[in-house]
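To start, the structure under review is shown below, and the notes come after it.
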Amino acid sequence: MGKWFPRLYDTLMEPLERKKFREIRKNLLQNVEGKVLEIGSGTGFNFPFYQQAQKVIAIEPEPLMRDQSLPRATKANVPIEVILADAEELPFPADTFDAVVGTLVLCTIPNPSKALKEIRRVCKPEGQVLFFEHVRLNHPVLGRLQDLLTPIWKHLCDGCHLNRNTLELIRQAGFKVVHVERYYNELFLVIKTLNDK
Ligand SMILES: C[S@@+](CC[C@H](N)C(=O)[O-])C[C@H]1O[C@@H](n2cnc3c(N)ncnc32)[C@H](O)[C@@H]1O
């Protein structure tokens, strides 16, 4: 993994965060309760928005991202522990968490279906599983453009795929999709699910 992406992540994201993403993150996370797992927590953009969680365990495989997230973990309103780990092999027993959160992460995990299977395993039955993700557009020209741009984008942005059909992957993994919100002409989706076991 290149080092420039983790170092510039916050700066690159700041305009989007300020314009809309902070509000989306807040609405998604402020009511999440119990023992929560966050996958691929990056620099900890979500951390200020947990209000009701008893404890958050965040996993992040990139040490530079994790290190940058630690001040946000310390300042958070709830206890947050950040562990270096991979969502494709979660180091937790089955049925550990009341809720699982993933934001802007299924685009980057090399095998998202494997990660989703792991999330299903570690989340309790009927636990809340919440996502905020960008997806491939269902538009003949724009979707194809995303396909064409993905190889170079992936190279520049540490493995991020512009063209994943993440909502479908989530359904295929067996989650019960209970709510979908669409932003920026359906490029970004908030996907609320239950872990239907
Ligand atoms: C675009 S960043 C999003 C960070 C954060 N979730 C956010 O909302 O700002 C993608 C994150 O996924 C992480 N990631 C990549 N592969 C992963 C994996 N196999 N398991 C967990 N996280 C992974 C990256 O290290 C990076 O922090």
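The values are calculated or read from the model by the stated rules, or taken from the named source; none is laboratory data. Please read all numbers here as calculations on a predicted model, not as lab measurements. We place every Cβ from the backbone using ideal geometry, glycine too, and count neighbours over all the protein chains shown. These area figures cover heavy atoms from the full protein model, side chains too; ligands, DNA and RNA do not enter into them. Shrake-Rupley method; radii C 1.70, N 1.55, O 1.52, S 1.80 Å.
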Study note, to complete from the structure: Matching residues in segment 109-137 (within 27 Å of LYS20 (Cβ to Cβ), assigned to a helix (DSSP H, G or I) and open to solvent by less than 10 Å² (accessible area, probe 1.4 Å)) number 3
Exercise for review: Answer with yes or no whether PHE97 is under 25 Å from GLY159 (Cα atoms) and of a type in the set (Phe, Trp, Tyr).
Suggested key: no
Point to revise | Filter pass, PHE49 being touching a residue at least 24 places away in the same chain (Cβ under 8 Å), within 28 Å of GLU126 (Cβ to Cβ), near the ligand (Cβ under 10 Å from one of its atoms) and not polar (S, T, N, Q) | key: no
Point to revise | Residue ID - farthest from the ligand (Cβ to nearest atom), chosen from residues in segment 65-107 that are of a type in the set (Asp, Glu) and crowded, with 16+ Cβ neighbours inside 10 Å | key: ASP98
**Study point:** Test set (1) exposed (fewer than 14 other Cβ atoms within 10 Å of the Cβ); (2) among the hydrophobic types (A, V, I, L, M, F, W, C); (3) outside any strand (DSSP E or B) - ILE170 fails condition number
**Key:** (1)
Check your understanding: Taking segment 138-164 on its own, how many of its residues are open to solvent by 90 Å² or more (accessible area, probe 1.4 Å) and touching a residue at least 24 places away in the same chain (Cβ under 8 Å)?
Key -> 1
Review point. List the pairs whose first member sits in segment 93-112 and is more than 16 Å from GLU62 (Cα to Cα), whose second member is in a helix (DSSP H, G or I) and more than 7 Å from the ligand (Cβ to nearest atom), and whose Cβ atoms are under 6 Å apart, counting only residues at least 6 apart or on separate chains?
Key: ALA94/ARG121; THR96/VAL122; PHE97/VAL122; VAL100/ILE119; PRO112/LEU169
Exercise for review: Return the pairs, sorted by first residue and then second, in which the second residue is in a loop (DSSP other than H, G, I, E, B) and open to solvent by 40 Å² or more (accessible area, probe 1.4 Å), the first residue lies in segment 171-188 and is in contact (Cβ under 8 Å) with a residue 40 or more places away in the chain, the beta carbons are less than 9 Å apart, and the residues are 6+ apart or on different chains.
Suggested key: GLY174/ASP196; GLY174/LYS197; PHE175/ASP196; ASN185/HIS139; GLU186/ASN138; GLU186/HIS139
Check your understanding: What are the pairs, 6+ residues apart or on separate chains, where a residue within segment 68-86 that is over 17 Å from ALA53 (Cα atoms) has its Cβ under 9 Å from a residue that is hydroxyl-bearing (Ser, Thr, Tyr)?
Key -> GLN68/TYR9; GLN68/THR43; SER69/SER41; SER69/THR43
Exercise for review: Inspect segment 45-59 for any residue being of a type in the set (Ser, Thr, Tyr), modelled with pLDDT of 95 or more and under 17 Å from the mean Cα position of the chain (by Cα) and give the result as yes or no.
Suggested key: yes
Exercise for review: Would you please name the residue that is nearest to LEU169 (Cα to Cα), looking only at residues in segment 108-131 that are within 11 Å of the ligand (Cβ to nearest atom) and in contact with a Leu (Cβ under 6 Å, 6 or more places away or on another chain)?
Suggested key: PRO112
**Study point:** Positions within segment 22-45 being in a helix (DSSP H, G or I) and near the ligand (Cβ under 8 Å from one of its atoms), in sequence order
**Key:** ARG25
Study note, to complete from the structure: Every listed condition ((1) under 23 Å from GLU181 (Cα atoms); (2) near the ligand (Cβ under 7 Å from one of its atoms); (3) surrounded by fewer than 22 Cβ atoms within 10 Å (Cβ to Cβ)) holds for PRO61 save (1)
